[in-house]
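Student: Questions regarding the structure given below will be posed in turn.
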Amino acid sequence: MATKFFGFNFKPLRVSRSMEVLGSVPARQKVNPADGGHSPDYTLTPLTLFPHVTVRDPNGITPSGDGNQRLANIRWHVVRDGVKSLIDFTKPSGYVLLGAEGSANAGCLEVGVNADPGRPLTLVFSADLPDTATSQVHHVEMSFPVVAYADTCESRIELDCAPQVPYNPLRMPAQMTVNARLMYGGTEVTPPDVRFVWQRLRDDGTWGLTGTDVLDYDVEVSADTASATVRRDLMGQRLCLRVIALYEPGTDPTTLAPADDSPHSVVTLNRYIPEMHCDIAGVPMNVTPGLTAVYPEAVVTDNCGVVTGWESVFDAVWRIGKNRRPEASGAAQPTISYVTVGRGSGIAVPLSAVADMSSGAIIDLTLEDRGPLCALADSDGAVLTDDDGAILLA
């Protein structure tokens, strides 16, 4: 009888591991310093981590490929502020184990807890992978940091109007309100957390606080400082406003003062009247004998049609002159001498203003811009007021 010993030389499993982020939610958060909000916010849109384990059996006994369904003793730990704690999935903690042992996605974790700048959230996965051929147990462990960083916030002022605003007194309302808002990062900061300072460009080229001069009657700042109402019919030809935002997170804005680097915005309002056209109505082609006057009326139009209420902006100046014919064929047109006979939208023009009507007469209509309203002052430059203290304008 003969015997011979033989044994099995099994090679150990080769285990690979990697932590994967599933879905579109990233593993890096951005925190807004203005309100502490997280983007993304894991409490609303959780982060999903999958500890992917793959195995390869060099002996060919067990199939190679995904090894998650073979994992046992699955655990997750969280490390924060240097303290490592075991996650208890039986209690509400913000963490949910999506993949149970024996499933293809075993160990998959849903993270519903936010990280903070300077306080990373490190998640540690551990599990056992038994090797049935060698009876060995491979311990699988991997960690994954979830990092949050503070967003770099830029402060900017946004106005609800363009930097250059034309004002046509014939077509636009006299009153205009300019609203300001402060954007700090992606968040709007509203009063009382922010205070707006409104300044105007003075005639000497310097910026002055609106409301500190007797001539600042054309601008009124709201109580919360977030808007300024402008009487454009009183502003003159041009008004330049600058608004400055005073804001620091966690600071009372009333304790702050404007600085060179304070966020600001400028808007310029200009009085602008586009091209006008005037026509004369109510004048007959031929004057009947005995007629002593004609009664012309002014018709004013622009590119939008007939203009009403133009009398508050323009003076209609009426003149009449004798029609003069050239002395000979081809001669230059003779100069007509006009006589001013009145002002207004419609007047009576006396024909007696022309001594000789044998060649007819020509009526001339000219529109003169009255200009913006201005404060009246005496010879010493003092502003004139009425008995109630209201400034006199003309």
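The values are calculated or read from the model by the stated rules, or taken from the named source; none is laboratory data. Predicted, not measured: the structure shown is a model, and the values here were computed from it. In this analysis, Cβ positions are derived from the backbone assuming ideal geometry, glycine residues included, and neighbour counts consider all displayed protein chains.
Student: Please work out which residue is farthest from residue 317 (Cα to Cα), limiting yourself to the stretch 255-284 and to residues that are in a loop (DSSP other than H, G, I, E, B) and aliphatic (A, V, I, L, M). Spell out how you get there, then give the answer.
Tutor: Residues of the stretch 255-284 in a loop (DSSP other than H, G, I, E, B): 256-263, 272-276, 282-284.
Next cut, aliphatic (A, V, I, L, M) only: 256-257, 259, 273, 276, 283.
On the way: 256: 55, 257: 53, 259: 52, 273: 18, 276: 15, 283: 16 Å.
That would be 256.
Student: Assess whether residue 350 counts as being closer than 30 Å to residue 216 by Cα and at pLDDT 75 or above. Break it down stepwise before answering.
Tutor: Working: closer than 30 Å to residue 216 by Cα: no; at pLDDT 75 or above: yes.
So residue 350 fails the test.
Student: Which of the following residues is within 23 Å of residue 370 (Cβ to Cβ) and touching a strand residue (DSSP E or B) at 6+ places or on another chain (Cβ under 6 Å): 202, 238?
Tutor: Numbers: 202 fails: within 23 Å of residue 370 (Cβ to Cβ).
Just one listed residue meets the conditions, 238.
Student: In the stretch 223-237, how many are without any contact (Cβ under 8 Å) to a residue 24 or more places away in the chain and either closer than 24 Å to residue 260 by Cα or outside the structural domain of residue 260 (by TED's automatic domain parsing) (or both)?
Tutor: If we filter the stretch 223-237 for residues that are without any contact (Cβ under 8 Å) to a residue 24 or more places away in the chain, which is where we start, we get 223.
Still in the list and also either closer than 24 Å to residue 260 by Cα or outside the structural domain of residue 260 (by TED's automatic domain parsing) (or both): none.
Total meeting the criteria: 0.
Student: Could you grab me the full set of residues in the stretch 123-147 that are in contact with a Pro (Cβ under 8 Å, 6 or more places away or on another chain) and surrounded by fewer than 16 Cβ atoms within 10 Å (Cβ to Cβ)?
Tutor: Listed by number, the residues that qualify are 134, 136, 137, 145, 147.
Student: Hey, another quick one. Out of (1) surrounded by 10 or more Cβ atoms within 10 Å (Cβ to Cβ); (2) over 24 Å from the mean Cα position of the chain (by Cα); (3) hydroxyl-bearing (Ser, Thr, Tyr), the odd one out for residue 265 is which?
Tutor: Looking at each condition in turn, residue 265 falls short on (2).
Student: Select from the stretch 226-250 the residues that are surrounded by fewer than 21 Cβ atoms within 10 Å (Cβ to Cβ), more than 17 Å from the chain's Cα centre (by Cα) and of a type in the set (D, E, K, R) and list them in ascending order.
Tutor: 231, 233, 238, 248
Student: Does at least one position in the stretch 280-291 carry a residue that is of a type in the set (A, V, I, L, M) and in contact with a His (Cβ under 6 Å, 6 or more places away or on another chain)?
Tutor: Start the filter on the stretch 280-291 by keeping residues that are of a type in the set (A, V, I, L, M), which leaves 280-281, 283, 285, 287, 291.
Checking which are in contact with a His (Cβ under 6 Å, 6 or more places away or on another chain) leaves us with none.
No: the stretch 280-291 contains no residue that is of a type in the set (A, V, I, L, M) and in contact with a His (Cβ under 6 Å, 6 or more places away or on another chain).
Student: Kindly indicate the residue of the stretch 45-95 that is of a type in the set (D, E, K, R) and modelled with pLDDT of 90 or more and also nearest to residue 107 (Cα to Cα) among those meeting that condition.
Tutor: Within the stretch 45-95, the first condition is being of a type in the set (D, E, K, R), and the residues that meet it are 56-57, 66, 70, 75, 80-81, 84, 88, 91.
Imposing the further condition that a residue be modelled with pLDDT of 90 or more reduces the set to 75, 84, 88.
Details: 75: 8, 84: 18, 88: 14 Å.
Across the stretch 45-95, the extreme among qualifying residues is 75.
Student: Moving to a separate point now. Identify, from the list 300, 341, 287, 317, the residue that is modelled with pLDDT of 85 or more, farther than 20 Å from residue 371 by Cα and not in a helix (DSSP H, G or I). If you could, list the steps in order and put the result at the bottom.
Tutor: Details: 300 fails: farther than 20 Å from residue 371 by Cα; 287 fails: modelled with pLDDT of 85 or more; 317 fails: farther than 20 Å from residue 371 by Cα.
Exactly one residue qualifies, and that residue is 341.
Student: Further question: Among the residues of the stretch 260-273, write down those that are over 19 Å from residue 33 (Cα atoms) and modelled with pLDDT of 90 or more.
Tutor: Within the stretch 260-273, 264, 265, 266, 267, 268, 269, 270, 271, 272, 273 qualify.
Student: Let me ask something else. Can you name every one of the strands (runs of 3 or more DSSP E) wholly within the stretch 11-116 that holds 3 or more residues which are within 47 Å of the chain's Cα centre (by Cα) and surrounded by 12 or more Cβ atoms within 10 Å (Cβ to Cβ)? Spell out how you get there, then give the answer.
Tutor: Numbers: elements: 14-22, 28-31, 47-56, 72-80, 83-86, 95-97, 109-111.
Fully inside the stretch 11-116 and qualifying: 14-22, 28-31, 47-56, 72-80, 95-97, 109-111.
Student: Follow-up question, since we're still on this one. Mind counting the residues in the stretch 148-171 that are hydrophobic (A, V, I, L, M, F, W, C), more than 30 Å from residue 120 (Cα to Cα) and surrounded by 15 or more Cβ atoms within 10 Å (Cβ to Cβ)?
Tutor: Our first condition is that a residue be hydrophobic (A, V, I, L, M, F, W, C); within the stretch 148-171, this holds for 148, 150, 153, 157, 159, 161-162, 165, 170.
Now narrow it down to the ones that are more than 30 Å from residue 120 (Cα to Cα): 157, 159, 161-162, 165, 170.
Of the ones still in play, those that are also surrounded by 15 or more Cβ atoms within 10 Å (Cβ to Cβ) are 157, 159, 165, 170.
Qualifying residue count for the region: 4.
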